[in-house]
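Accompanying notes for the structure given below.
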Amino acid sequence: MSAVFVNVAPVFLLILIGWMVSRTGLMEEKAGDAIAEFVFKIALPTLVFRTLAEAHFEGASPFRLWIAYFGGVAITWTAGHIVARRFFQRDAKIGVIAGMSSAFANNVFIGLPLVGRSVGNDGIVAISILLAIHLPLMMIAGTILMEHAASKVDGGGRRSLGAILRQVGANLARNPLVIALCAGLIYNLSGIGALPVVVKSVVDQIASTTAAAALISLGMTLRKYPVRGNLSLAAVMAVLKLLLLPAAVFSLAKLLGLSPAWTSAMVLTSSVPTGINAWIIATRFQSGSSLAASVISITTIFGVISVSFWAWLLN
């Protein structure tokens with residue numbers, strides 16, 4: 001447990017520091033947004049590029065990794081949707097947001113730093129492979145389901161699949177993380193070899209800022225996601241997120257025979273708090289934003305317990 005504590009506690013302590021910095025007024029909340037933008041547009045893409053550029057895949061197939069993770073996502077999302085619709089009698093739009101909130105892990109700002117500390121470079125490679133399709137799949141699925149739900153609840157037409165794919169595709173084409181993923185893979189496959197010494201020194205220095213900056217910026221922006229309304233439903237979604245999702249991913253990873261490092265990476269990143277994307281979709285469709293915000297905050301508060309449990313189990 002001491003080894004688990006050493007790896008897990010700093011992650012959540014950095015989030016707490018960010019929250020306290022914002023809460024006490026030491027730095028304005030907009031400073032957290034600026035740090036988060038630096039992480040998303042510069043630091044994280046640099047880390048991902050370096051990881052993939054230097055990775056040794058040795059013929060490893062990503063498909064079992066994707067099946068294990070997204071199989072767990074499908075199970076949890078479905079469970080969250082059914083609970084919201086059947087047991088809490090909420091409409092179809094809330095059902096989509098509930099399912100997404102229970103299954104959308106914050107892989108970028110929390111999962112990657114956590115896996116980097118706990119698993120090492122092999123874990124970061126696994127996370128990078130996951131991130132290659134995670135955001136596109138989750139955002140496409142969430143948007144399509146929400147469009148369908150909105151047409152049922154609010155009436156009116158809904159956009160075609162082609163229109164949704166074009167919008168998501170255009171957004172992804174400008175996404176710094178997607179660009180870094182592609183650039184890293186191209187560099188790796190080109191066979192050029194190690195990065196030049198000067199370039200590598202700069203890349204390493206930028207990449208080394210990613211974890212602390214990401215976690216502190218997340219803590220500084222948590223005040224955007226207050227716990228209010230839908231508390232019973234939000235609490236159930238938080239339990240599904242912190243327990244069911246990693247349990248399903250763990251079971252599928254074992255069944256599919258993933259390596260210990262990749263299994264640990266997938267389970268740990270699935271056990272982290274909910275990401276903001278469910279809140280983004282809820283805000284866009286003007287339904288369920290308070291639910292998504294509450295799940296983000298609740299899972300962040302109790303995430304240290306669930307992450308510690310899964311880290312202990314994996315060890």
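The values are calculated or read from the model by the stated rules, or taken from the named source; none is laboratory data. None of the values given here were measured: they were computed from a predicted structure. FYI the Cβ positions are ideal-geometry reconstructions off the backbone, even for glycines, and counts take in every protein chain you see. Just so you know, the surface numbers come from the protein's heavy atoms only, side chains and all, with ligands and any DNA or RNA stripped out. Shrake-Rupley method; radii C 1.70, N 1.55, O 1.52, S 1.80 Å.
Points to keep in mind about this one:
- Scanning the range 228-243 for residues that are open to solvent by 70 Å² or more (accessible area, probe 1.4 Å) and not in a helix (DSSP H, G or I) yields a single hit, ARG228.
- Tally of residues being of a type outside the set (Gly, Ala, Ser), within 16 Å of the chain's Cα centre (by Cα) and buried (at least 18 other Cβ atoms within 10 Å of the Cβ) across the range 274-311: 12
- LEU314 among the aliphatic types (A, V, I, L, M) and surrounded by fewer than 24 Cβ atoms within 10 Å (Cβ to Cβ): yes
- The sole residue among THR51, THR78, THR46 that is touching a helix residue (DSSP H, G or I) at 6+ places or on another chain (Cβ under 8 Å), among the hydroxyl-bearing types (Ser, Thr, Tyr), surrounded by fewer than 16 Cβ atoms within 10 Å (Cβ to Cβ) and assigned to a helix (DSSP H, G or I) is THR78.
- Of all residues in the range 7-29, those that are more than 22 Å from the chain's Cα centre (by Cα) and either without any contact (Cβ under 8 Å) to a residue 24 or more places away in the chain or in a loop (DSSP other than H, G, I, E, B) (or both) total 5.
- Some residue of the range 127-148 being of a type in the set (D, E, K, R), touching a residue at least 12 places away in the same chain (Cβ under 8 Å) and in a loop (DSSP other than H, G, I, E, B): no
- Residue count for the range 175-213 under the criterion of being in contact (Cβ under 8 Å) with a residue 60 or more places away in the chain, within 24 Å of GLU37 (Cβ to Cβ) and part of a helix (DSSP H, G or I): the result is 15.
- From the options ARG90, ARG117, residue that is assigned to a helix (DSSP H, G or I) and either more than 30 Å from ILE186 (Cβ to Cβ) or modelled with pLDDT under 90 (or both): ARG117
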